[in-house]
Amino acid sequence: MAEAERCQLRVTGTVQGVGFRPFVYRHAVALGLAGFVRNDSAGVLIEVEGSPASVAALGRLLLEHPPPLARVTSVSATSLPMMGTNGRFVIIDSAEEGPPAVPVSVDTATCADCLAEVDDPTDRRYEYPFTNCTNCGPRYTIVISVPYDRPATTMAGFTMCPQCRREYEDPADRRFHAQPNACGACGPQLSWCDAAGEPLAAGPDALDHATAALRSGRIAAVKGIGGFHLVVDATDPAAVAELRRRKARDDKPFAVMVADLDTACRLCHLDAVAEAALTSVRRPVVLAARRAHTAIAEGVARGLPELGLFLPYTPLHHMLIRRVARPLVMTSGNLSDDPIAYTDEDAFARLGPLVDGVLTHDRPIHIRCDDSVLRAIGGTTQLLRRSRGYAPEPMALPGPARRQVLAVGAELKNTVTVAKQSWMVASHHIGDLEHLATYQSFRQAVDHLCLLFGVMPEVVAHDLHPEYLSTKLALDLDLPAWGIQHHHAHIASCLAEHARTEPVLGLAFDGLGYGTDGMLWGGEFLVADLESCRRVGHLRPCPMPGGAAPIREPWRMAVAWAVLSLGTDAAIRHGSRLDPRAPLVADLVRSPTAPLTTSVGRLFDAVAALIGVRSTVSYEGQAAIELEALARTIPTGEAPPYPVEQAWEDGKLVLDPRPLIASVVEGREKGTPVDQIAASFHEGLARGAVAAAVELARANGQQTVALSGGVFQNARFSELVDEGLVNEGLTVLVHRAVPPNDGGISVGQAAIAATARRPPEVSA
Ligand code: ZN
Ligand code: ZN
Ligand code: FE
């Protein structure tokens with residue numbers, strides 16, 4: 001018989017709260033190993049004694065076949081002197097020592113085993129809405145501190161009944177050390193309250209009340225995993241319209257929860273990638289092309305070619321949607337753009353006036369977490385909002401961290417990111433920081449991430465915009481602050497996700513970001529890596545008449561671009577059809593004090609207004625989204641591209657869309673259908689961007705182009721640019737796991753501030 005050895009195995013990664021210790025226990029026992037396993041602040045620590053073959057087999061299992069929710073980063077083995085054991089293998093309680101460095105798992109959709117129990121009338125968890133196990137259930141949203149153990153979660157107040165306790169303590173059970181383990185006898189309970197917070201029913205009755213309310217067209221707030229949803233019957237036009245009115249949300253599309261994949265397929269065209277995303281345990285909202293003539297009320301996503309669908313991810317959702325038996329609008333529980341409500345107190349205060357009843361429960365949510373949103377594009381997926389189911393999963397840094405970093409992101413779609421050692425963690429979606437409540441949520445997210453991941457920031461990274469609340473917070477901290485240019489951060493976020501450290505040519509096209517010359521940038525060609533950034537080209541600057549007003553009023557940008565392209569008289573003539581103030585705005589355009597912008601997002605706005613798509617918007621990017629929707633009715637390549645010119649000025653390549661604007665206006669005059677104009681605009685601008693990128697790549701010796709910024713959420717434009725560059729033999733990096741919009745800014749800031757030798761300078 002081979003001699004026995006003793007070995008310490010150190011496992012790092014997402015290994016707590018994912019059934020890792022029972023997994024180790026079962027295999028160690030099966031392999032005849034003695035020793036122990038325990039969680040600690042660095043991950044999971046195992047010591048085993050037994051035959052070298054068995055020890056090696058255990059090591060391989062940990063790396064190659066870990067439990068489904070675990071993400072093992074590394075397993076390191078150290079041999080130890082033999083200690084002699086009683087031959088048993090045991091699980092030891094968590095040791096609390098040192099700064100916590102262990103990632104906490106993401107919130108995960110109810111697994112098939114748990115769902116089968118909920119559906120089984122003979123099971124003790126029949127119709128229990130908080131059923132979960134080590135393979136599923138809430139995690140990030142209930143964790144208060146680490147190590148991840150029940151007392152450090154919002155389940156601390158529930159004492160397990162003897163049966164649940166037995167499962168929790170039995171290493172052979174699926175619920176062994178499942179921290180949120182509960183049943184109807186000992187766990188959280190539902191209640192149905194009126195809008196003032198007065199409880200009217202509890203338990204199964206509560207669900208019946210909510211069902212009846214939703215079936216009769218009423219609006220309910222329903223507490224989920226990361227906050228409250230506002231819920232209505234998605235097939236009831238009057239109910240959907242009433243929800244819009246009460247939520248003060250004019251046009252932004254609502255997400256729809258459907259019972260199963262079959263229903264989803266009846267509403268939208270889904271390819272294999274979209275189906276996989278929809279049914280994944282992360283359960284994001286998936287944007288997909290909608291079918292014509294469905295039962296979904298038009299007001300859910302008026303005029304848009306896509307619908308956001310998702311599947312139930314808690315037993316409560318499954319039970320509710322089965323009873324109501326209709327697709328349900330499930331939108332973030334907030335008024336307008338406030339942060340999502342997640343405590344009962346807050347829900348009754350803020351959502352009470354919006355709803356007819358509240359379906360809540362007594363398991364507290366510790367940290368809010370909105371639903372994630374992704375889109376299937378070109379045979380793969382792209383995250384547009386990375387939140388529940390994804391946060392706080394660590395991402396690898398493209399190189400080792402030189403320092404621990406907190407990155408505070410931008411202003412809109414804010415997220416924060418912390419980084420240290422070899423990884424970074426981006427927070428859930430926080431929202432638009434212009435709202436005070438969102439700002440408080442931002443502070444909480446910063447504190448929580450630093451606590452959970454044991455980060456002691458040595459540097460804080462922020463946007464250069466002095467008026468962003470995130471910038472102000474960063475400068476208030478008593479830390480060295482690195483100002484990172486907005487578009488450099490966009491490109492860096494794309495580099496980080498592709499583990500690139502060499503310089504690339506970056507195309508950063510978005511709404512607005514603060515430039516280093518005091519101008520608002522948004523159509524930038526940059527040669528950048530994580531250490532430095534050089535601006536080598538940009539869109540031709542255009543005045544933004546009326547300060548921030550053009551963001552809400554695209555007709556102002558229409559007038560501005562028309563003045564540059566056609567002259568003042570023609571601009572006033574066309575602009576006056578959009579708004580009577582056009583002559584005044586034309587004057588502003590010619591004023592030397594008008595701020596200038598190179599924003600491609602504002603160019604989309606201008607074109608949308610010029611062809612009558614819309615003159616004002618109720619949410620950011622609306623005009624561009626609707627312009628894209630029109631363009632997509634024309635197959636790619638079937639609309640002649642409108643011309644764009646380029647010229648070298650002061651050593652920079654300037655992309656000049658004036659001929660394109662002239663063509664748009666001419667098309668409008670000639671009566672060309674607006675979808676044709678929209679498609680020709682997309683084709684022309686993409687072709688111009690590709691031509692400029694090819695010239696700049698050659699001039700700067702680049703072979704790789706990274707695409708980032710909110711404009712690249714536009715699937716049609718993004719695909720045209722991507723294809724055009726690939727056809728020219730260039731390698732293209734596009735976003736997959738990090739949003740191209742400002743939700744990714746903190747990731748780019750963190751990647752730069754953690755790995756660069758010194759704060760990068762960006763040449764204007
Ligand atoms: Zn489960
Ligand atoms: Zn129980
Ligand atoms: Fe941006």
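The values are calculated or read from the model by the stated rules, or taken from the named source; none is laboratory data. A quick note: this is a predicted structure, and the numbers were derived from the prediction, not measured. Every residue, glycine as well, gets a Cβ built from its backbone with ideal geometry; the counts of neighbours run over all protein chains shown. Heads up: the accessible areas ignore ligands, DNA and RNA and are worked out on the full protein's heavy atoms, side chains in. Shrake-Rupley method; radii C 1.70, N 1.55, O 1.52, S 1.80 Å.
One table, with the values for the structure above:
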| read-out | value |
| --- | --- |
| Output for segment 377-400, where each listed residue is open to solvent by 30 Å² or more (accessible area, probe 1.4 Å) and small (Gly, Ala, Ser) | Gly378, Gly379, Ala396 |
| Residue that is surrounded by the most Cβ atoms within 10 Å (Cβ to Cβ) [pool: residues in segment 434-489 that are in a loop (DSSP other than H, G, I, E, B) and among the acidic types (Asp, Glu)] | Glu458 |
| Meets criteria (under 28 Å from Glu458 (Cβ atoms), at pLDDT 95 or above, surrounded by 20 or more Cβ atoms within 10 Å (Cβ to Cβ) and touching a helix residue (DSSP H, G or I) at 6+ places or on another chain (Cβ under 8 Å)) for Gln749 | yes |
| Residue match in segment 305-318 (condition: in contact (Cβ under 8 Å) with a residue 24 or more places away in the chain, surrounded by fewer than 20 Cβ atoms within 10 Å (Cβ to Cβ) and either part of a loop (DSSP other than H, G, I, E, B) or in contact with a Phe, Trp or Tyr (Cβ under 8 Å, 6 or more places away or on another chain) (or both)) | yes |
| Condition check for Thr279: out of contact with any Cys (no Cβ under 7 Å at 6 or more places or on another chain), closer than 30 Å to Pro188 by Cβ and open to solvent by 40 Å² or more (accessible area, probe 1.4 Å) | yes |
| Search result, residues across segment 158-190 that are open to solvent by 30 Å² or more (accessible area, probe 1.4 Å), at pLDDT 95 or above and more than 14 Å from ligand 2 (Cβ to nearest atom) | none |
| Scan of segment 362-376 for residues that are open to solvent by 10 Å² or more (accessible area, probe 1.4 Å) and either of a type in the set (Val, Ile, Thr) or over 17 Å from the mean Cα position of the chain (by Cα) (or both), ordered by number | Asp362, Arg363, Pro364, Ile365, His366, Val373 |
| Some residue of segment 138-147 being under 31 Å from the mean Cα position of the chain (by Cα), within 16 Å of ligand 2 (Cβ to nearest atom), within 30 Å of Pro353 (Cβ to Cβ) and open to solvent by less than 40 Å² (accessible area, probe 1.4 Å) | no |
| Options Pro129, Pro121: the member that is in a loop (DSSP other than H, G, I, E, B), within 16 Å of ligand 1 (Cβ to nearest atom), closer than 20 Å to Met319 by Cα and assigned by TED's automatic domain parsing to the domain that holds Ile321 | Pro129 |
| Filter result (more than 14 Å from ligand 1 (Cβ to nearest atom), within 21 Å of Thr314 (Cβ to Cβ) and touching a residue at least 40 places away in the same chain (Cβ under 8 Å)) within segment 158-184 | Phe158, Gly184 |
| Set Asp579, Asp569: member being more than 21 Å from Pro659 (Cβ to Cβ), free of Cβ contacts under 8 Å to residues at least 40 places away in the same chain and of a type in the set (Asp, Glu) | Asp579 |
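To keep it simple, each residue is scored yes or no on (1) modelled with pLDDT of 95 or more; (2) open to solvent by 20 Å² or more (accessible area, probe 1.4 Å).
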{"site": "Arg534", "(1), (2)": "yes, yes"}
{"site": "Gly546", "(1), (2)": "no, yes"}
{"site": "Arg552", "(1), (2)": "no, yes"}
{"site": "Val559", "(1), (2)": "yes, no"}
{"site": "Gly567", "(1), (2)": "yes, yes"}
{"site": "Gly601", "(1), (2)": "yes, no"}
{"site": "Gln622", "(1), (2)": "no, no"}
